[in-house]
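Inspection log for the structure reproduced underneath, given as structure tokens.
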Amino acid sequence: MRLFSRKPTAEATDHKSLGVPFLMNADWGASPRWSGRSGANLAKAGYGQNPVVYRCTQIIAEAAASVPLMVRCDHQVVTDDHVVRRLSRPNADQSQEGFFQSIYAYLLLAGNAYIEVVQGAEGPAALWPLPPEAVEIVHTPRGTLDHYRHRTGGQGRRLAPAVNGAGGVLHIKTANTDGSPKGVAPIAVAAKAIDLYEAATAWNKSLLDNAARPSGALIHRGPEGAATLTAAQFERLKQELAATYQGPGGVGRPMLLDGGLEWKPMSLSPSEMDFKELKHGAARDIALAFGVPPMLLGIPGDNTYANYREANLAFWRQTILPLVKKVVADLSVIFCREEVSITPDTENIDALFQSRVDRLTLLLETDVLTNAEKRALLGYPSDEQAS
């Protein structure tokens, strides 16, 4: 970092010392400047460079993809069916968890997930996730959906919507209230918070680099008639400071000053040190947009939940389960069998185990219900039937 930006000029000789105050002209009335990133650029910058966005995306996608699914046919759970086999192996390259992680990540970062359905003799033979930025929705002159155009390798393919059991593209999207055919991604809602987080990080780095300014001022207070340094003295002092005190090797080294020289340290103002809270506030806003309790990410300053267990339970109930239910409900359409439904198997989710234990304990300890009613609620036969 440069301690001196220029040599003293004739104008500078009018001053009594080198400690001329520096006044920063801040335009307090100016509007804030936002990055304006959107779409693929925002997703790439957020997921690839912002640790909060990356962790929110990963924790949601991994948790949602780990949810076991149940396939019901005529209200009966089936384990050997074409739908079950297709979900367990959606395509030749991905497992069930890998496939669903892609779908959930696309919804979080783009607001849209496109699945190419390859039709076979028994139904869908393969399910391929398509990158949202590579898919274009084409409408008819009347504004209705006509087809999808998938661009890859400099070429485009026309794909029909996957309806009535036919192959094509299934479009899953998040909610959007402006009538757009595309969904609104959580990362788009958090765009300004991401800008704030990055600005706070950059400010932190500049502070580590000495706030782009000297850590102090070396003031020369010479006698009358020699209050200023000559050009040769200025250059010698500048070189000595750079060689002896600048950089990591000069940290903590005592300074030996000639007569008439005084070192005046410059401290940071409270507003300059407030970057840490600004960064935490931006991180909480990002987590809020994604639906992740800040406590799960280790972000301080959030006391919404009493402990980690409550925060994790709320995360699963308010974020993970609604997301999974939406995706599997939309996915059920491609199988074109009214008697088939896909639902999350909430009874076998490890994260909800303690919640089930608490409900069971409450049921068994209540005096309002008889033992027969308790057994019926638990799915067991009555005492008479059991005997």
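Annotations for the structure displayed:
- Checklist (1) surrounded by fewer than 17 Cβ atoms within 10 Å (Cβ to Cβ); (2) touching a residue at least 60 places away in the same chain (Cβ under 8 Å); (3) out of contact with any helix residue (DSSP H, G or I) (no Cβ under 7 Å at 6 or more places or on another chain) applied to Arg359, failing item: (2)
- Residue match in region 127-146 (condition: crowded, with 19+ Cβ neighbours inside 10 Å and modelled with pLDDT under 90): no
- Checking each residue in region 60-88 for being free of Cβ contacts under 8 Å to residues at least 24 places away in the same chain and in contact with a helix residue (DSSP H, G or I) (Cβ under 7 Å, 6 or more places away or on another chain) picks out Val78, Ser88.
- Hits in region 105-126 (condition: over 22 Å from the mean Cα position of the chain (by Cα) and crowded, with 20+ Cβ neighbours inside 10 Å): Ile115, Glu116, Val117, Pro124
- The criterion of being at pLDDT below 90 and out of contact with any His (no Cβ under 9 Å at 6 or more places or on another chain) holds for Asp350.
- Unmet criterion (only one of (1) more than 18 Å from Leu323 (Cβ to Cβ); (2) surrounded by 15 or more Cβ atoms within 10 Å (Cβ to Cβ); (3) in contact with a helix residue (DSSP H, G or I) (Cβ under 6 Å, 6 or more places away or on another chain)) for Ser206: (2)
- Any hit, region 155-171, residues being touching a Phe, Trp or Tyr at 6+ places or on another chain (Cβ under 8 Å), surrounded by 12 or more Cβ atoms within 10 Å (Cβ to Cβ), assigned by the TED database to the domain that holds Phe335 and closer than 18 Å to Leu288 by Cα: no
- Within region 272-296, restricting attention to residues that are surrounded by 17 or more Cβ atoms within 10 Å (Cβ to Cβ) and charged (D, E, K, R), the residue that is farthest from the chain's Cα centre (by Cα) is Lys279.
- Any pair with Cβ under 8 angstrom, 6 or more apart, that starts in region 158-182 at a residue that is without any contact (Cβ under 8 Å) to a residue 24 or more places away in the chain and ends at one that is among the β-branched types (Val, Ile, Thr): Ala160/Val169; Pro161/Val169; Ala175/Val184
The values are calculated or read from the model by the stated rules, or taken from the named source; none is laboratory data. Since this is a predicted model, take the numbers as computed values, not measurements. Quick reminder, even Gly has a Cβ in these numbers, built from the backbone with ideal geometry, and neighbours come from all protein chains shown.
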